[in-house]
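The values are calculated or read from the model by the stated rules, or taken from the named source; none is laboratory data. Model, not experiment: these values are computed from the prediction. A quick note on method: Cβ atoms are made from the backbone with ideal geometry, for glycine too, and the neighbour counts reach across all protein chains shown. In case anyone asks, the SASA skips ligands and DNA or RNA and just uses the protein heavy atoms, side chains included. Shrake-Rupley method; radii C 1.70, N 1.55, O 1.52, S 1.80 Å.
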Amino acid sequence: MVVEDWRLGEYVPLEAGVILTFHELCLVEAEGEWFMGRTEADGTVICWASYGSDLGEAIRGL
C-alpha cells in the first residue's frame, strides 16, 4: 500500500490494518486514518488522500 504525496511527487508506504474494496475504489485504514485509493490489476493499492478517522464519513466521501 502506498499513498501519493503530491508535495514530494512520490509514493509513501502505508502499513494497512483494514482494506475495504468497492469495485476499483478502496478505503485503507492506516495509522488511525482512512485513505481513499484504487486497486490495480496486479493487486497494488495506490491511495491519494486521507478521508479522516471516521469510517462513516470516509464511506460518504466515496
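222 nm [θ] for the chain, helices only, -39500 (n - 2.57) per DSSP H run of 4+, per residue, to 500?
Here the helix-only value at 222 nm equals -2000 deg cm²/dmol.
Suppose R0 equals 25 Å; then what is the FRET efficiency for residue 24 and residue 53 from their Cβ-Cβ distance, rounded to the nearest 0.05?
Step by step, r from the Cβ atoms, then E = 0.55.
Over the chain, average the accessible area per residue using a 1.4 Å probe and give it in Å², no decimals.
Result: 67 Å² per residue.
State the percentage of accessible surface on segment 1-55 attributable to carbon and sulfur atoms; use a 1.4 Å probe and exclude ligands, DNA and RNA.
Taking all protein chains in place, segment 1-55 shows 53 percent carbon and sulfur surface.
Using DSSP to define loop residues, name the GluC sites (Glu not before Pro) in the chain whose beta-carbon has at most 11 other beta-carbon atoms within 10 Å.
Passing sites in the chain are 15, 24, 31, 40.
If I take every Cα pair under 8 Å that is 6 or more residues apart in the chain, average their sequence separation and divide by the length, what percent do I get for the relative contact order?
27
Between (1) 29, 25, 19; (2) 44, 16, 14; (3) 29, 22, 19, which entry matches Cα extents along the principal axes in Å as derived from the coordinates of this structure?
Only one option fits the structure, namely (1).
Rounding to the nearest 20 debye, state how big the charge dipole of segment 7-49 is about its Cα centre with +1 on each Lys and Arg Cβ and -1 on each Asp and Glu Cβ.
Dipole magnitude for segment 7-49 comes out near 120 debye.
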